[in-house]
Amino acid sequence: MDRLQSMRVFAKVVEQGSFAGAGLALDMSNAVVTRHVADLEKHLGVRLLNRTTRRLSLTETGLIYLERAKQILQDVDDADAMASSQSSKPAGTLRIYSHLGFGQLQLAQLLPRYALLFPDVKLDVTLSDHAVDLVEEGFDIGLFIELQKFDASMIARRIGLSDIILCASPDYIRQHGMPLKPEDISQHICLNFAYEQLRHHWPLFIDKRRIDVPITTKLVSNDGNLLRQCALAGMGIVIRSSFTLGDDLSSGRLVRLLPQHHLGTVAVTMVYPSRRQLSAKVRSFIDFISATFPEPESDPWQAA
């Protein structure tokens, strides 16, 4: 039994929604596809798929196994692609899309380091708050945040989880005091995003407990950088994803408030159209970002 091939066939059956569809996609007979799935289930000693005459559905075990199998298959393909690309020197123009805030405050620090490592790669970078179709618009790679949508067929690798935190300038804290508990925020001046769900309350989390804190809003804006600049000027308390703060916290320009609390997390994801036959320039950037952010389930942008 070729277990990796059986895993590929199983994943393709789920993707296509049928054995026949998987057979067409993989250029295999229906009998061969069925045998691969049956052999895999026999090897594991569990049922992965529920089969009826009309449809297929994953069992609970099948759903868990599928996610792990997809990651294993991606890692194998990535290893193959990395090995085959070693003979090619990264060169040419690399077109990168990035979420605006991440690009301005994080990518801007990363690109000089990448450029030193790969001097023959020319960088063409587009920043925007709007999601794009990477393939249609000719991008090699994209860096998205959780609220942005991208094509489900893209290869996606999370690079980190960014906490949404409360901050204020030292001047503001000197004038208005340091909030010591979530309820204290109600007595302060807040700089708020123009989201309806945040208009009257900020939901603060500690562990799994949620506290909805009524707020007094001095400024509302759809532009995060405007809110940040006003917070730096001492105008009020702001909520920001950690990746949008740059070195504001480590430099002391802003101070994190209620450090045990946050307003949730935002995933930052690296997205690219295909893991097969990646060019050396694309592979070099993927490896660079992966090495820079080796712990995708943590927040690498928090100040120490």
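The values are calculated or read from the model by the stated rules, or taken from the named source; none is laboratory data. Since this is a predicted model, take the numbers as computed values, not measurements. Don't worry about glycine lacking a Cβ; one is built from the backbone with ideal geometry, like all the others, and counts go over all protein chains shown.
Do we find a residue being exposed (fewer than 14 other Cβ atoms within 10 Å of the Cβ) and at positive phi anywhere in segment 102-123?
no
Taking residue 49, is it in contact with a strand residue (DSSP E or B) (Cβ under 9 Å, 6 or more places away or on another chain), surrounded by fewer than 20 Cβ atoms within 10 Å (Cβ to Cβ) and under 18 Å from residue 64 (Cα atoms)?
Numbers: in contact with a strand residue (DSSP E or B) (Cβ under 9 Å, 6 or more places away or on another chain): yes; surrounded by fewer than 20 Cβ atoms within 10 Å (Cβ to Cβ): yes; under 18 Å from residue 64 (Cα atoms): yes.
So residue 49 fits the description; yes.
Any idea how many residues of segment 190-215 are in a strand (DSSP E or B), among the aliphatic types (A, V, I, L, M) and surrounded by 15 or more Cβ atoms within 10 Å (Cβ to Cβ)?
4
Identify, from the list 241, 290, the residue that is hydroxyl-bearing (Ser, Thr, Tyr) and over 21 Å from residue 122 (Cα atoms).
On inspection, the qualifying residue turns out to be 241.
May I ask you to say which residue of 97, 65 is in contact with a strand residue (DSSP E or B) (Cβ under 9 Å, 6 or more places away or on another chain) and either of a type in the set (Asp, Glu) or farther than 30 Å from residue 248 by Cα (or both)?
Numbers: 97 fails: either of a type in the set (Asp, Glu) or farther than 30 Å from residue 248 by Cα (or both).
It is 65.
Regarding segment 211-234, can at least one residue be identified that is of a type outside the set (S, T, N, Q), under 27 Å from residue 116 (Cβ atoms) and out of contact with any Pro (no Cβ under 9 Å at 6 or more places or on another chain)? First the steps, then the outcome.
Pass one, segment 211-234, residues of a type outside the set (S, T, N, Q): 211-215, 218-220, 223-224, 226-228, 230-234.
Then keep just the ones that are under 27 Å from residue 116 (Cβ atoms); that gives none.
Scanning segment 211-234 turns up no residue that is of a type outside the set (S, T, N, Q), under 27 Å from residue 116 (Cβ atoms) and out of contact with any Pro (no Cβ under 9 Å at 6 or more places or on another chain).
Checking the conditions here, which among 198, 166 is at pLDDT 95 or above, aliphatic (A, V, I, L, M) and either closer than 26 Å to residue 297 by Cα or in contact with a helix residue (DSSP H, G or I) (Cβ under 9 Å, 6 or more places away or on another chain) (or both)?
Numbers: 198 fails: at pLDDT 95 or above.
Going through 198, 166 in turn, the sole match is 166.
I'm checking my understanding of the structure. Among residues of segment 184-230 that are under 20 Å from residue 266 (Cβ atoms) and acidic (Asp, Glu), which one is farthest from the chain's Cα centre (by Cα)?
Applying the filter and picking the extreme gives 212.
Starting from residues that are among the basic types (Lys, Arg) and in a helix (DSSP H, G or I), keep the ones in segment 249-304 and report whichever is surrounded by the fewest Cβ atoms within 10 Å (Cβ to Cβ).
Looking at residues that are among the basic types (Lys, Arg) and in a helix (DSSP H, G or I), I get 283.
Given the conditions (1) out of contact with any Gly (no Cβ under 7 Å at 6 or more places or on another chain); (2) surrounded by 14 or more Cβ atoms within 10 Å (Cβ to Cβ); (3) at pLDDT 90 or above, which single one is not true for residue 155?
(3)
Looking at residue 303 and the list (1) touching a helix residue (DSSP H, G or I) at 6+ places or on another chain (Cβ under 6 Å); (2) at pLDDT 95 or above, which single condition is not satisfied?
If we test residue 303 against (1) touching a helix residue (DSSP H, G or I) at 6+ places or on another chain (Cβ under 6 Å); (2) at pLDDT 95 or above, just (2) comes out false.
Which members of segment 76-96 meet the condition of being more than 15 Å from residue 272 (Cβ to Cβ) and at pLDDT below 70? Before the answer, list the steps.
Going residue by residue through segment 76-96, those that are more than 15 Å from residue 272 (Cβ to Cβ) are 76, 79-80, 83-84, 86-89, 91-93.
Hits for segment 76-96 are 83, 84, 86, 87.
I want to confirm something. Restricting to segment 216-238 and keeping residues that are buried (at least 22 other Cβ atoms within 10 Å of the Cβ) and modelled with pLDDT under 95, which single residue is nearest to residue 104 (Cα to Cα)?
Checking each candidate, the answer is 228.
Going through segment 217-248 one residue at a time, which ones are among the small types (Gly, Ala, Ser) and either in a strand (DSSP E or B) or free of Cβ contacts under 8 Å to residues at least 40 places away in the same chain (or both)?
Across segment 217-248, the qualifying residues are 221, 241.
Among what's in segment 132-152 and is farther than 20 Å from residue 264 by Cβ and surrounded by 16 or more Cβ atoms within 10 Å (Cβ to Cβ), pick the residue that is modelled with the lowest pLDDT.
Ranking the qualifying residues of segment 132-152, first place goes to 150.
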